[in-house]
Amino acid sequence: MNLEIDSRRTFLSPENPHSTPAIRKGLHGVWPWVAAASLGFLLLAGFGLLFLDEPFRAYAERELNSRLPAYTFRIGRLDFHPIGLSLDLEDITVLQNAHPHPPLAQIAQWHASIHWRALLSGRLVSDHRIDDPVIHFTRPQAAQEIQNGSARKQSWQEAMFAIYPLQINELTITGGDVTYREKTATKPLRLTDLRFHAGNIRNVRSKPLQYPSPVHIEAVLFENGHLKMDGRADFFAEPTMGIDADILLQDINLADLLPLTAPHQVHLTQGSLTATGHVEFGPAAQDVRLTSLNLHDVKVDFVHAAGTARKEEQTAAHVAQAVHKADNHPTLLVRIDQGKVERSEFGFVNQETKPPYRMFITDTDLELENWSNQLAEGTARIKLNGMLMGSGATRMTAAFRPDLEKPDFDLSLTIVKTQIKALNQLLRAYGGIDAAAGVFSLFSEVSVKHGKVTGYLKPLFKNVRAFDPEQDRHKGLLQKVYEKTVTALADVFKNTPREEVATKSDLSGTADNPQASTWELVLTLFQNAFFDAVLPGLEGKVRRDG
């Protein structure tokens, strides 16, 4: 008997009308065995991977520690997923061997997998995601990282490639928490809710000023402030990575910077900052341009003490050197298009004198326009209004021109009707006397060009009185007699109808240090003029006309 088979139909299909009942019965007996074998294979593969995960974890930990000898890595768990060829590292701790406490980083999970979208374009690269990293470092740890950072960059790349042998093409960080502590007892600086994404990261050499990787960063800065950056980067530029991005800083609490400023005698206790700008920083160009800079309600004191004099000199020398190096630098541009300071207070505290004193200016509003380190950017202009010692209306206007070698500026300063009584701490410190009444004014114009200084400083004192029974009731008898005697002689020394005394100090000459920075020269001129002309005149007026 001949059996015809229709080759156009699936012979093994239960719905095939040509299959016999015997064959269908045999197939029902085979399927359970196939399913059981497949399940068994998957279980065996799963158990095998469980046994492979631990050796792989030990291998990854060993590779990281050998390739990065400055650190110690601990990996709590490793999971390799053959479907998708992905890898999970969990509970990672990173210690800096030079300063192991606190741990430099703790990462909840690090996921690496093939970047499938790039694979469609013919590139076999990886996609990395880091969840909830906690970075906590101190000043010694930060100094160590800066010292050896460039030398370790390649080692980090090699270490990650040894664990997951595909170049990184995308990196995402979520829930980041970064804490910096200047000293054990100081308040930490903290950045929270860090979100970072970088794409198209290629381990190739890019041409100068080309940035192949889009970058986005957001974070909460100092609890209430916000940081946002959008732009592009070149992570493999030499000798340092390059970045070209727009930046937004919003509502940054300046008081949180006190741990950083206090060691430099700058006590910043209040204020808020908001700024927008653009940064391009790479081997071929460094461009920091702030389109707007706004500070308000700032309160800051520079504190001088006997023990800080040497440190102040060193800091001033470093700042002056840095400023001089930046002026008209061939690749560095620093520019502020518009800057404002509103409702702020700036002070100088001298703790070396007996008694100590504080000079300050309140209600300060300052406008800054076109500030730059490059001569080609044009003239920078400053306008300042405030109240010296809370009572003397103060106005300053200035024009600063970047110069290749020497400071170049014009400055005009007017201070009107400062209550001399507010200067009593200063008078006691340098003259051993205080005032009960009177006003002090000052007028000055200064111009510096080609190393030559021209200008004047003219202080004026009016209606000065020294002795006040109510103010001086707690003073000693001899001091009261002295001040009362000075008051009794007042008529002898009054030699102008308006009871005013004005002196004038000539500021003309040459700049003693042609390499000095602009602000260093401004402060030196006014400091010398104040203590050589203003203070002796003020002290003499108090003694004569008290």
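The values are calculated or read from the model by the stated rules, or taken from the named source; none is laboratory data. Everything numeric here is computed off the predicted structure, so don't read it as measured data. Neighbour counts are summed over all protein chains in view; Cβ atoms, including those assigned to glycine, are modelled from backbone coordinates with ideal geometry. Please note that ligands, DNA and RNA were not included when accessible areas were found on the heavy atoms of the full protein model with its side chains. Shrake-Rupley method; radii C 1.70, N 1.55, O 1.52, S 1.80 Å.
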Practice task
Kindly indicate whether any position in the stretch 213-221 is open to solvent by 60 Å² or more (accessible area, probe 1.4 Å) and touching an Asp or Glu at 6+ places or on another chain (Cβ under 9 Å).
Solution key: no
Fill in the blank from the handout: The strands (runs of 3 or more DSSP E) lying wholly within the stretch 57-140 that contain at least 1 residues that are under 16 Å from Glu170 (Cα atoms) are 86-96, 105-114, 126-138
Fill in the blank from the handout: Residues of the stretch 223-239 being closer than 30 Å to Lys299 by Cα, part of a strand (DSSP E or B) and either open to solvent by less than 60 Å² (accessible area, probe 1.4 Å) or in contact with a helix residue (DSSP H, G or I) (Cβ under 9 Å, 6 or more places away or on another chain) (or both), in sequence order, are Gly225, Leu227, Met229
Exercise for the section: Considering every residue within the stretch 309-323, establish whether at least one is in contact with a Ser or Thr (Cβ under 9 Å, 6 or more places away or on another chain), closer than 22 Å to Ala399 by Cα, modelled with pLDDT of 90 or more and open to solvent by 40 Å² or more (accessible area, probe 1.4 Å). Expected result: no
Completion exercise
Reported set for the stretch 438-457 where residues are part of a strand (DSSP E or B) and surrounded by fewer than 18 Cβ atoms within 10 Å (Cβ to Cβ) is Phe443, Glu445, Ser447, Lys449, Lys452, Thr454, Tyr456
Exercise for the section: Specify the residue that is nearest to Arg358 (Cα to Cα); the eligible residues are those in the stretch 240-282 that are open to solvent by less than 30 Å² (accessible area, probe 1.4 Å), assigned to a strand (DSSP E or B) and of a type outside the set (A, V, I, L, M, F, W, C). Expected result: Gly271
Exercise for the section: Scan the stretch 362-380 for residues that are open to solvent by 30 Å² or more (accessible area, probe 1.4 Å) and either farther than 12 Å from Arg401 by Cβ or of a type in the set (Ser, Thr, Tyr) (or both) and report the count. Expected result: 6
Practice task
Considering every residue within the stretch 283-295, establish whether at least one is open to solvent by 60 Å² or more (accessible area, probe 1.4 Å), of a type in the set (A, V, I, L, M, F, W, C) and more than 17 Å from Ser344 (Cα to Cα).
Solution key: no
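Yes/no per residue for (1) farther than 30 Å from Ala305 by Cα; (2) aliphatic (A, V, I, L, M):
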position: Glu238; (1), (2): yes, no
position: Gly242; (1), (2): yes, no
position: Ala245; (1), (2): yes, yes
position: Gln250; (1), (2): yes, no
position: Leu254; (1), (2): no, yes
position: Ala262; (1), (2): no, yes
position: Leu273; (1), (2): no, yes
position: Ala284; (1), (2): yes, yes
Completion exercise
So, first residue more than 13 Å from Ile247 (Cα to Cα) in the stretch 272-299, second residue at pLDDT 90 or above and of a type in the set (D, E, K, R), Cβ within less than 6 Å, six or more apart or across chains; the pairs are Ser272/Asp251; Asn294/Lys340; His296/Glu342; His296/Arg343; Asp297/Arg343; Lys299/Glu345
Practice task
Kindly indicate whether Lys340 is surrounded by fewer than 17 Cβ atoms within 10 Å (Cβ to Cβ), within 29 Å of Asp287 (Cα to Cα), in contact (Cβ under 8 Å) with a residue 40 or more places away in the chain and not aromatic (Phe, Trp, Tyr).
Solution key: yes
Exercise for the section: Just give me the residues in the stretch 343-360 being open to solvent by less than 30 Å² (accessible area, probe 1.4 Å) and either hydrophobic (A, V, I, L, M, F, W, C) or outside any strand (DSSP E or B) (or both), in sequence order. Expected result: Val349, Thr353
Exercise for the section: Spot the failing condition for Ser508; the list is (1) at pLDDT 70 or above; (2) open to solvent by less than 40 Å² (accessible area, probe 1.4 Å); (3) more than 28 Å from Thr364 (Cβ to Cβ); (4) in contact with a strand residue (DSSP E or B) (Cβ under 9 Å, 6 or more places away or on another chain), and only one is missed. Expected result: (2)
